[in-house]
1. Taking the Cα centre as origin and putting +1 on Lys and Arg beta-carbons and -1 on Asp and Glu beta-carbons, what dipole magnitude results for the range 10-59, to the nearest 20 debye?
2. Between residue 9 and residue 60, what FRET efficiency follows from the Cβ-Cβ distance if R0 is 22 Å, with the result rounded to 0.05?
3. Figure the gain on full extension for residue 19 and residue 40 (residue separation times 0.36 nm, minus the Cα-Cα span) and round it to one decimal in nm.
4. What number, in percent, do you get for the relative contact order of the chain if the mean sequence gap of Cα pairs under 8 Å and at least 6 apart is divided by its residue count?
5. How large is ³J(HN,Hα) for each residue in the range 24-41, as worked out from phi by the Karplus curve 6.51 cos²θ - 1.76 cosθ + 1.60 (θ = phi - 60°), to whole Hz, x for Gly and Pro?
6. Give the range of the longest stretch in the chain that excludes all trypsin sites (Lys or Arg not before Pro) found in loop regions by DSSP and having at most 16 other beta-carbon atoms within 10 Å.
7. What do you get for GluC sites (Glu not before Pro) in the range 15-71 restricted to DSSP loop and a cutoff of at most 14 other Cβ within 10 Å of the site's Cβ?
8. Give the residue list of chymotrypsin sites (Phe, Trp or Tyr not before Pro) in the chain that are DSSP loop and have at most 16 other beta-carbon atoms within 10 angstrom.
Amino acid sequence: MRYVEFRDAIEDELLPNRAGLTWAELKERLNLPYRQPCPEWVKRMEEEIGLSRARGTGRAYVWRIRQEDSDE
């Protein structure tokens, strides 16, 4: 899997899930072949698609795409 395919899959899965998902959830849902995410790719996604990761419950981090909130 190339970086662009990985990035697009993560983005497509996170955009409709505003509450975010953990790496384990992403890995399972997308059937990703990686045990853990590549730190360089995560850094690039932070810059390119607005990926953010915040401490969730336990040791897990919740991955989210920062979305511009419009005045709804």
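1. Result for the range 10-59 is approximately 320 debye, rounded to the nearest 20.
2. The calculated FRET efficiency here is 0.70.
3. 5.2 nm
4. Taking the mean separation of contacting Cα pairs over the length of the chain, I get 35 percent.
5. Using θ = phi - 60°, the values come out as 4, 5, 4, 4, 5, 5, 9, 6, 6, x, 9, 6, 9, x, 6, x, 5, 5 Hz.
6. The segment 36-58 is the longest one with no such site.
7. Listed in order of number, the matching sites are 68.
8. Listed in order of number, the matching sites are 34.
The values are calculated or read from the model by the stated rules, or taken from the named source; none is laboratory data. This one's a predicted model, so the numbers in the text were calculated from it and none came from an experiment. No Cβ is skipped: glycine too gets one built from the backbone with ideal geometry, and neighbour counts run over all protein chains shown. Each accessible area value is taken on the protein alone, full model and side chains, heavy atoms only, with ligands, DNA and RNA left out. Shrake-Rupley method; radii C 1.70, N 1.55, O 1.52, S 1.80 Å.
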